[in-house]
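Remarks on the structure that follows.
The values are calculated or read from the model by the stated rules, or taken from the named source; none is laboratory data. Given the structure is predicted, the values throughout are model-derived calculations rather than measurements. Glycine gets a Cβ as well: all are built from the backbone with ideal geometry, and neighbour counts include every protein chain shown. The accessibility values were calculated without ligands, DNA or RNA, using every heavy atom of the protein model including side chains. Shrake-Rupley method; radii C 1.70, N 1.55, O 1.52, S 1.80 Å.
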Amino acid sequence: MKYTTLTILLLMLASITEAQILSKERYKQYIDRFNSNDYELYRLGEFPNEKAWDFLAENIPFLDCPDKQLEETYYFRWWTYRKHIRNTPEGYIITEFLPDVRWAGQYNSICCPAAHHFMEGRWLKDPQYLKNYACFWFNGKSSPRSYSFWAADAIANFCKVHPDDALLKELFPLLEQNYASWEAERLDESGLFWQYDNRDGMEVSVSGSYADPYGHGYRATINSYMYADANALEKIAKKIGNKAKEVLYKEKAEQIKHSINSRLWDEKAKFFKVIPKGRDMSFSDVREEHGYTPWYFNIPPENYSVAWKYIMDSNHFFAPYGITTAEQCHPLFTVSYEGHECRWDGPAWPFSTSVTLTAMANLLNNYSQDVVSKEDYWILLSQYSSSQRRVLDDGKVIPWIDENLNPYTGDWISRTRLLNYNGVQWPKDKGGEERGKDYNHSTFNDLVISGLIGIRPSEDDMLIINPLVPDKSWEYFCLDYLFYKGRTITVCYDRTGERYHKEKGFAVYVDGKRVHQSECPEKVTINL
């Protein structure tokens, strides 16, 4: 019997579909519930609620786990993310706010959370949205430096999941120009980059606005971002065969890395700190959560891991509803409902939680240390998940993501403030009604996929999996329909074999074919 090429392809696709473990329809209940609970104020995105399920069913990896609260948050964050996919004359972009806000750029774009958009959205099956978005930032009309933004690194990380050498080659000269502009604007004779705290997206901070009238200083944030972009440009240059540029950006990256580790590390405090600009180059006296940023990019040496002893300490950063942005023992730490509605002198911010937990996953994967454990990562991720809630007036609890959190009560501070801001409900100059609803300023699903389940994207054709699920904590879990480098990946664990009716233990499938089997979850490296 002869088969046409089309028939063979259809049979291959059918075999892959049959090999998938999870039924997508089983999880449609979440999307239906989110839709029914939603007050859909803004319908500016490409995929309004009635199109949500079709889009998500086609594009997202599906998760099954025994923690149904975390599972719900996972699907909720995909449901909110697709709201922000906006089709413009410049192609698709991803927004931060659903309503148009006066401080945004073209088409309501804001670069402050754009790297988070790439890290989260890279797991969508269709890469066109983020390809368009990458080009948008360098079209000559947008504002890629209105806030700190590790653009080259974020785009390179997207391309680890969806390889696209042509895109990287096209963007390389534009990313170079962007880097040179940062150097011209923010690199001074000290050899360090500086930034205003509010241009880091972290206004009213203890080390910024409190320490200096302009809130500017040499910060681990902007310096880490510039290291990351230099490192990404080095790798792109190597990929496209430009040896001179490869050497140039390698030297830049090494110099910034040395400056971060030698100049911004306070040996006495055992922490990365801000040096307020215009003083005597002395450190601010506060530890702030953004001091963990260097680990997001694997910058610090092994012995600096001691800084992580503060993360689970309630005298410093640990609080019931999230990691505080300043250490709680500092006299200027506060959770205030006065002044600016977006303060970084105490409240928990999903933006920073995303950076810190990504950094923590790197620490657990790439460093030899005993300061924090997989259990600590799980506690913080679970806490982050459970904080994404709002209690309605009738007592009903619904999933919710907004701006800043009261770390002791779980109240969304900015929302509470804007409900009645100086006697005005939802002031228009502040963004209008429910500006922070479904706020797209952080990651969550990337933390689940690359951290908890452990898909560690690489630049080569390798699939590296290193789950951070604490040992013997879950009886089962499955991440299915994960699209990675053009292949469909399934990662599952079933201690008894009764959940998925496959083999007992831990298994990895590539395009429906089992490529690994072991008794327990473990680090796996597979050549694709």
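If I take every Cα pair under 8 Å that is 6 or more residues apart in the range 389-518, average their sequence separation and divide by the length, what percent do I get for the relative contact order?
Details: 173 pairs, mean separation 13.8, N = 130.
Relative CO of the range 389-518 lands at 11 percent.
State, to one decimal in nm, how far the label point of residue 100 lies from the label point of residue 472, with both points 7 Å from Cα in the Cβ direction.
Each label point lies 7 Å from its Cα, and together they span 5.9 nm.
Show me the ranking of peptides 114-123, 307-316 by mean Cβ neighbours inside 10 Å, starting with the highest.
Working: 114-123: 24.8, 307-316: 17.0.
The peptides rank, most packed first, as 114-123, 307-316.
Taking +1 at the Cβ of each Lys and Arg and -1 at the Cβ of each Asp and Glu, which of 359, 119, 335 sits farthest along the dipole of the chain towards its positive end, judged by Cα position relative to the Cα centre?
Value computed over the given set: 119.
Taking the Cα centre of the chain as origin, sum charge times position over the Cβ atoms of Lys and Arg (+1) and Asp and Glu (-1), and report the length of that vector in debye to the nearest 20.
Numbers: 61 positive and 73 negative charges, 179 e Å.
The calculation lands at about 860 debye.
For residue 409 paired with residue 141, estimate the spin-label separation in nm (one decimal), with each label point 7 Å from Cα along the Cα-to-Cβ line.
4.5 nm
Based on the Cβ-Cβ distance of residue 416 and residue 242, what FRET efficiency does E = 1/(1 + (r/R0)^6) give at R0 = 51 Å, to the nearest 0.05?
On the way: r = 52 Å, r/R0 = 1.02.
After rounding to 0.05, the efficiency reads 0.45.
Which cysteines in the chain lack any other cysteine whose Cβ sits under 4.7 Å from their own Cβ?
65, 111, 112, 135, 159, 329, 342, 520
Normalise the Cα radius of gyration of the range 59-157 by 2.2 N^0.38 Å (N = residues in it) and let me know the number. Each step should come with its number before you reach the end.
Details: Rg = 14.2 Å, N = 99, 2.2 N^0.38 = 12.6 Å.
Output field value: 1.13.
Around residue 413, what is the net charge, scoring Lys/Arg as +1 and Asp/Glu as -1 over all other residues with Cβ under 15 Å from its Cβ?
Details: positive: 343, 389, 390, 415, 417, 430, 435, 437; negative: 203, 338, 341, 345, 402, 403, 411, 434.
Here the count lands on 0.
Can you pull the percent of the range 119-200's accessible area that's carbon plus sulfur, 1.4 Å probe, other chains left in place?
On the way: 1310 of 2850 Å².
The C+S portion of the solvent-accessible surface of the range 119-200 is 46 percent.
Whole-Hz Karplus ³J(HN,Hα) for the range 226-241, in order, using 6.51 cos²θ - 1.76 cosθ + 1.60 and θ = phi - 60°, x for Gly and Pro?
Rounded to whole hertz, the list is 6, 4, 4, 5, 5, 5, 5, 5, 4, 6, 5, 4, 5, 5, 8, x.
Figure the gain on full extension for residue 23 and residue 462 (residue separation times 0.36 nm, minus the Cα-Cα span) and round it to one decimal in nm.
Details: separation 439, 0.36 × 439 = 158.04 nm, distance 2.71 nm.
Result: 155.3 nm gained on full extension.
Using helices alone, what [θ] at 222 nm do you get for the chain, with -39,500 (n - 2.57) per DSSP H run of 4 or more residues, divided over all residues and rounded to the nearest 500? Before the final figure, lay out the partial values.
Values: 14 runs with 185 residues, N = 528.
Helix contribution divided over all residues of the chain: -11000 deg cm²/dmol.
Binned at 5 Å from 0, what are the whole-percent values of the Cα-Cα distance distribution for the range 224-341, short to long?
Going from the shortest bin to the longest, the percentages are 2, 11, 17, 17, 16, 13, 10, 7, 4, 2, 1.
In the structure displayed, which of 270/309; 28/68; 235/374; 24/502 lie more than 21 Å apart, Cα to Cα? Display every interim value, and only then the final one.
On the way: 270/309 10 Å; 28/68 14 Å; 235/374 30 Å; 24/502 18 Å.
Too far apart for the 21 Å limit: 235/374.
Apply the a/c threshold of 1.5 to the C-alpha gyration tensor of the chain and tell me whether it is rounded, prolate or oblate. The partial results should precede the final answer.
Numbers: a/c = 1.42, a/b = 1.26, b/c = 1.12.
It comes out rounded by the Cα gyration axes.
Within 10 Å, count the other beta carbons around each residue, average over each peptide in 72-85, 421-434, 464-477, 337-350, and list them highest first. Can you show the working numbers first?
Values: 72-85: 23.6, 421-434: 13.3, 464-477: 16.8, 337-350: 21.1.
The peptides rank, most packed first, as 72-85, 337-350, 464-477, 421-434.
Please give the length that would be gained between residue 43 and residue 527 if that part of the chain were fully extended, namely 0.36 nm times their separation in residues minus their C-alpha to C-alpha distance (nm, one decimal). Intermediate values should be presented prior to the final figure.
Working: separation 484, 0.36 × 484 = 174.24 nm, distance 4.30 nm.
Taking residue 43 through residue 527 to full extension adds about 169.9 nm, to one decimal.
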